[in-house]
Amino acid sequence: MSAVATITDLAVSFATDAGPVRAVDGVSLDVQPGEVLAVVGESGSGKTVTAKTILGLLPATATTRGAVVLTGRDGRTTDVINVPPAQLRAARGRDVAMVFQEPSSVLNPVYTVGWQIAEGLRAHGDVSKKEARARAVEVLRTVGIPDPEHRVDHYPHQFSGGQKQRIVIAMALVLDPSLIVADEPTTALDVTVQAEILDLLRTLRDETGTAIVLITHNMGVVADLADRVAVMYQGKLVEQAPVGDLFADPQADYTKALLKAVPKIGEGRARAAERAAARTEEWKAGEPVVEADGLTITYPGRFRQPAFTAVDHVSLQIRPGEVLGLVGESGSGKTTIARAIAGLTPVSDGSLKVLGTQMRGAKGRQLKGMRPRLGFVFQDPATSFNPLLTIAECVAEPLVVHGRFASPEAARGRVDELLEAVQLPRSYGDRFPHELSGGQRQRASLARGLALDPELLIADEPTSALDVSVQARVLELFSELQRELGFACLFVSHDLAVVDLLADRIAVLYRGELVEEGIGEQVLGSPHEDYTRRLLASLPVPDPVAQAERREALRVLHAG
């Protein structure tokens, strides 16, 4: 049986003002029919560049050497690197298709999903409108969209994040390609939806025989789905092995470090117990930094739609110097609570006291006095930083806004201290956000959040977009700074292992309600609620044998 893709001695470099940059250096791989090949490595390792080369999607600044040969289901071969543009367009969709990381950026908001799925059919042949619609309905049913005959005429904004990812997979499947390249297909999804998408990809592989190249930094996803793993580092292929062999006995030092960096549930319990033992009775009797009592947040309905209650009678506390982990799937109300604490979302009912300020009905002057005592670390620093300002100017912004310094230039000494505290060289202050890697930007975002020495820090999914080795460094840094500076923190995440590592206590939200709360040992060790058990069972672990058992346990939970 011939490989559906054969990559031979691939080298890719990009022209820049500072000279050529080598992104991929001598990579050779092959993908067999019906196989899932996971390509892993940290940011900048060359894995996404390799994936884009398979589809011929590199920019004009790229220079490519080597061969990338695709073999379609009909036996036709295409050398992507040396083929005319018209032949390359014919191979895309028919022989190879791509599932991108962020479905919202792929789907066109002004066209129905049925039209967008049918677009691939129209591009590759003379298909009638009726045939194209029938095929779109069929492929939507294949990827598990309910009521496809009706929903084929819906627009992207009418679907949830997980459903949008299913639609993007349907677009890739519509021409029955022999290979699908999936670039971080579950990064933006919470663990329960991620488990559904992984099940879907597994089913498609088994039923259609489609091979999958999976680009990911989540080693749990690799253990759950992959047959074989290729590990890349600095543009080179450092190790390649069947998934069971790689996890049981990694050979390369880099692979060992990558697997060691993966956070695992249970690692944080000893640290949390130590901190709990050090708490005095006086501390427990003190005034909380955040105190919610019956907190309710309702978004008013528009265009005759009923009002939507995002947070429903939630009661919780965060004491000085304490880290509360807030977990739950998308739509559970995590970010709404974080925004309400920051004064960015109004409170509808109940009580919410933050740093002594009652947030319900609070006006601008009251909020202005509280805000310097509060820091915020956003999920995606790439969009929260002004791209026209240098990193130093971005970090100095809260210092200037709150009158601590007259200008960014005057604040530069304090900015340099902050950058060093988050382990960034001072010289990085003169760079622009796009000139830093994802992990470096997130560290700069943490520096900005800590600029005013806040008593309370709100961290909203601050590590979800980072690869595993960078995430490990950012989490360790976060933990060190929290111990050193003693700020209280609301840490919002859908990754239970990350929360377990950092949090003193964990609160679980489900559809706006607080269903479980306690220390990590209670919530993650012996959960009382079925929802918490499902959340735990949905989290893939970096061990193929254990993950197969967890997948079966999750199936039983859903069946029950």
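The values are calculated or read from the model by the stated rules, or taken from the named source; none is laboratory data. Small disclaimer: the values here were computed from a predicted structure and weren't measured. Because the Cβ atoms are built from the backbone with ideal geometry, glycine has one as well, and the counts that use them run over all protein chains shown.
For ALA23, the criteria (1) modelled with pLDDT under 85; (2) touching a helix residue (DSSP H, G or I) at 6+ places or on another chain (Cβ under 9 Å) hold in every case but one, which is (1). Note on segment 358-403: among residues that are among the aliphatic types (A, V, I, L, M) and under 16 Å from GLU435 (Cβ atoms), the one that is surrounded by the most Cβ atoms within 10 Å (Cβ to Cβ) is VAL395. For segment 333-350, the condition holds for no residue, the condition being that it is modelled with pLDDT under 85 and either in the same structural domain as GLN522 (by TED's automatic domain parsing) or over 29 Å from the mean Cα position of the chain (by Cα) (or both). When ASP126, ASP153 are checked against the criterion of being surrounded by fewer than 18 Cβ atoms within 10 Å (Cβ to Cβ) and at pLDDT 90 or above, ASP153 stands alone in meeting it. Cβ-Cβ contacts under 9 Å between residues 6 or more apart (or on different chains), taken from a first residue in segment 234-253 that is on the phi > 0 side of the Ramachandran plot to a second residue that is part of a loop (DSSP other than H, G, I, E, B), are listed as GLN234/GLY41; GLN234/GLY44; GLN234/SER45; GLN234/GLY46; GLY235/GLY44; GLY235/SER45; GLY235/GLY46. Residue check: is ILE506 of a type outside the set (Ser, Thr, Tyr), in contact with a Phe, Trp or Tyr (Cβ under 6 Å, 6 or more places away or on another chain) and either outside the structural domain of ILE215 (by TED's automatic domain parsing) or farther than 29 Å from ILE197 by Cα (or both)? Considered against the rule, which asks whether it is of a type outside the set (Ser, Thr, Tyr), in contact with a Phe, Trp or Tyr (Cβ under 6 Å, 6 or more places away or on another chain) and either outside the structural domain of ILE215 (by TED's automatic domain parsing) or farther than 29 Å from ILE197 by Cα (or both), ILE506 comes out as no. On the basis of being surrounded by fewer than 22 Cβ atoms within 10 Å (Cβ to Cβ) and either more than 30 Å from GLY512 (Cα to Cα) or in contact (Cβ under 8 Å) with a residue 12 or more places away in the chain (or both), does GLY413 make the cut? It is true that GLY413 is surrounded by fewer than 22 Cβ atoms within 10 Å (Cβ to Cβ) and either more than 30 Å from GLY512 (Cα to Cα) or in contact (Cβ under 8 Å) with a residue 12 or more places away in the chain (or both).
Does LYS353 fit the bill of being at pLDDT 90 or above, surrounded by fewer than 23 Cβ atoms within 10 Å (Cβ to Cβ) and within 18 Å of GLU455 (Cα to Cα)? So LYS353 passes the test.
For (1) of a type in the set (Ser, Thr, Tyr); (2) closer than 26 Å to LEU355 by Cα; (3) at pLDDT 90 or above, each residue gets a yes or a no:
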| site | (1), (2), (3) |
| --- | --- |
| SER464 | yes, no, no |
| LEU475 | no, yes, no |
| SER479 | yes, yes, no |
| CYS489 | no, yes, yes |
| SER493 | yes, yes, no |
| ASP500 | no, yes, no |
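Scanning segment 365-416 for residues that are in contact with a Pro (Cβ under 7 Å, 6 or more places away or on another chain) and more than 22 Å from CYS489 (Cβ to Cβ) turns up ALA382, PRO387, ILE391, ALA392, GLU393, ALA396, VAL400. Of the residues making up segment 235-258, those that are surrounded by fewer than 18 Cβ atoms within 10 Å (Cβ to Cβ) and within 22 Å of the chain's Cα centre (by Cα) number 1. Look at GLU207 and say whether it is free of Cβ contacts under 8 Å to residues at least 12 places away in the same chain, farther than 29 Å from SER160 by Cβ and part of a helix (DSSP H, G or I). Against the criterion (free of Cβ contacts under 8 Å to residues at least 12 places away in the same chain, farther than 29 Å from SER160 by Cβ and part of a helix (DSSP H, G or I)), GLU207 does not qualify. In segment 168-204, the qualifying residues are those that are surrounded by fewer than 22 Cβ atoms within 10 Å (Cβ to Cβ) and of a type in the set (S, T, N, Q), and the one that is modelled with the lowest pLDDT is THR187. Annotation note: of PRO146, PRO84, PRO109, the sole residue that is assigned by TED's automatic domain parsing to the domain that holds VAL4, surrounded by fewer than 18 Cβ atoms within 10 Å (Cβ to Cβ) and modelled with pLDDT of 85 or more is PRO84.
Residues in segment 335-347 that are surrounded by 18 or more Cβ atoms within 10 Å (Cβ to Cβ) and farther than 22 Å from LEU450 by Cβ: THR336, THR345, VAL347.
When restricted to residues that are on the phi > 0 side of the Ramachandran plot and assigned to a helix (DSSP H, G or I), segment 178-204 contains 0.
Is it true that ASP9 is free of Cβ contacts under 8 Å to residues at least 24 places away in the same chain and over 28 Å from the mean Cα position of the chain (by Cα)? No, not satisfied.
Take the residues in segment 505-560 that are acidic (Asp, Glu) and outside any helix (DSSP H, G or I); name whichever of them is nearest to ARG202 (Cα to Cα). For segment 505-560, the residue satisfying everything is ASP543. Modelled with pLDDT under 85, closer than 30 Å to ASP293 by Cα and out of contact with any Lys or Arg (no Cβ under 6 Å at 6 or more places or on another chain): does that describe GLY518? No; evaluated as a whole, the condition is false for this residue.
Show the residue pairs that are 6+ apart or on different chains and have beta-carbon atoms under 8 Å apart, the first residue being within segment 50-78 and closer than 28 Å to ASP17 by Cβ and assigned by TED's automatic domain parsing to the domain that holds THR210, the second being part of a loop (DSSP other than H, G, I, E, B) and not hydrophobic (A, V, I, L, M, F, W, C). Cβ pairs passing all conditions: THR61/THR16; THR63/PRO20. Scanning segment 260-278 for residues that are crowded, with 16+ Cβ neighbours inside 10 Å and either within 23 Å of the chain's Cα centre (by Cα) or assigned to a loop (DSSP other than H, G, I, E, B) (or both) yields ALA261, VAL262, PRO263, ILE265, GLY268.
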